[in-house]
1. What nm distance separates the two modelled labels at K32 and D363, each placed 7 Å from Cα along Cα→Cβ?
2. Does region 1-83 classify as rounded, prolate or oblate by the C-alpha gyration tensor (a ≥ b ≥ c root eigenvalues; a/c under 1.5 gives rounded; else a/b over b/c gives prolate, otherwise oblate)?
3. Just the accessible area per residue of region 230-290, please: how many Å² with a 1.4 Å probe?
4. Just want to confirm a number: the relative contact order over the chain, from Cα pairs under 8 angstrom separated by 6+ residues, in percent.
5. Could you let me know the centre-to-centre spacing of region 200-274 and region 1-65, using Cα atoms, in angstrom?
6. Along the charge dipole of the chain, Cβ charges K/R +1 and D/E -1, which of F123, S204, A411 sits furthest on the positive end?
7. I'd like to compare 7-17, 336-346: which one has the highest average count of other Cβ atoms within 10 Å, and what's the full order after that?
8. Would you mind calculating the gained length between Y154 and Y109 on full extension (0.36 nm times residue separation, minus the Cα-Cα distance), in nm to one decimal?
Amino acid sequence: MNATAGEVLEFVKENDVKFIRLGFCDLFGLQKNISIPSDDLESAFEDGVYFDAHSIRGFRDVTESDLLLFPDPATLTVLPWRPGPGRVARFYCDIKTPDRRAFILDSRYILRLVVKRCADMGFVCRIGADCEFYLFRAGEDGEPTRATLDRGGYLDISPLDRGEDIRREICLTLDEMGLKPELSRHEKGPGQNEIDFKFSDALSCADNLLTFKSVVKAIAARNGLFASFMPKPIPNAPGSGLHLNISLAKNGRNVFKSDGEHSAAAESFIAGILQRTPEISLFLNPIANSYERFGAYEAPKYVSWSHQNRSQLIRIPAATGEKVRMELRSPDPSVNPYLAFALILAAGLEGIEKGRPLPPAVDADLYTADESVTKTLAPLPDSLDTSIRLAENSEFVKGVTGKELLGKYLAIKKAEAADYDASADKAAFCEERYFSSI
């Protein structure tokens with residue numbers, strides 16, 4: 001047991017922590033956990049905690065169902081909404097086989113591998129996530145209704161914005177947990193909100209995104225509300241995006257930092273992501289409802305980039321110095337963040353390795369642009385079926401995720417797409433399949 005684990009055990013003892021949640025993520029971005037008494041934490045660090053992998057969708061069959069969770073000491077967080085006496089702490093875990101090898105379908109492990117590759121190339125990637133969500137009222141039984149918390153719009157204040165107190169409570173809770181909120185606001189849709197938290201390394205940002213979603217849902221429920229991260233929960237209203245602000249540093253210097261021109265590394269990194277986005281869209285936009293968001297309300301439709309322009313797939317926001325970065329605008333909150341970040345980062349690194357040239361910027365409003373402009377641009381996938389086909393034929397995706405993970409992911413997504421295509425009422429299908437679970 002290393003010193004960090006020892007320090008954690010001492011902290012748990014001194015701070016009246018009685019219960020430990022061991023969290024991990026399934027293939028599809030849903031957080032799972034096991035609770036153990038704090039007295040068993042030392043054993044968990046040393047020997048792991050068994051769980052039934054057959055019961056986790058896509059993990060293993062019943063003939064080989066045992067896997068182990070090993071808590072990552074660096075992820076210790078005390079849950080503020082479970083106060084003492086008898087406090088609750090949470091760790092994210094690495095998943096291993098009974099012979100202590102890394103489980104190859106552990107998406108957190110896959111992201112670790114890509115982060116290591118990034119470091120081996122001399123780079124450090126930092127990601128900031130801007131996550132949108134809707135707040136709906138809950139009924140007397142606690143089940144979500146379709147009534148939004150308010151009818152407010154972009155940057156509205158009270159009384160149009162009724163989410164101010166909820167966002168404040170969420171931000172204070174996040175701050176207690178070590179996630180420093182940078183911005184919170186009412187978004188464009190009725191009952192739609194956004195909270196952004198500070199940049200961190202790719203693995204921490206993926207962990208933090210899971211934490212963020214769990215905090216939002218817990219605080220909403222405590223206030224008689226339901227938080228939905230469904231990409232398009234309301235027809236004819238803005239969808240919810242997961243805009244990713246990405247920077248890359250080498251030798252302590254942000255390669256996106258501009259002195260009038262982009263660096264070659266930054267341009268090739270962006271070019272790599274542009275080229276691979278269509279074939280990784282299955283992991284950036286993983287449900288049938290994801291594709292209802294594209295092409296309206298500042299969600300992209302084409303593979304393109306520009307400065308400041310919110311109709312693009314990638315934009316370079318107005319910023320100076322170390323704050324210069326790229327923003328990828330296609331992902332949505334239904335992602336598995338570990339798989340999404342691994343594929344995005346790998347695409348950018350491939351771009352650098354191959355010296356991909358950055359295509360010209362498209363300085364046009366692509367929602368109103370003439371066909372003479374848009375016909376030259378590759379479209380983003382327009383359906384779950386299309387994304388499945390692109391990912392299935394991608395050697396790049398297979399090289400990042402591994403053959404076994406990709407095969408299992410595709411099999412489950414093909415069944416989901418078939419169910420969606422066979423449904424007579426697409427809105428009812430999305431309501432039943434996604435609304436309460438994402």
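The values are calculated or read from the model by the stated rules, or taken from the named source; none is laboratory data. Since the structure is predicted, the reported quantities are computational estimates derived from the model, not experimental observations. Please note: Cβ atoms are built from the backbone with ideal geometry, for glycine as well, and neighbour counts cover all protein chains shown. Keep in mind that these areas ignore ligands, DNA and RNA; they rest on the heavy atoms of the full protein, side chains included. Shrake-Rupley method; radii C 1.70, N 1.55, O 1.52, S 1.80 Å.
1. Simple spin-label model gives 5.1 nm for this pair.
2. It is prolate, given that a/c is not under 1.5 and a/b is the larger ratio.
3. 30
4. Values: 852 pairs, mean separation 63.6, N = 438.
After rounding, I find 15 percent.
5. For region 200-274 versus region 1-65, the Cα centre distance is 26 Å.
6. F123
7. Packing proxy ranking, top to bottom: 336-346, 7-17.
8. 12.4 nm
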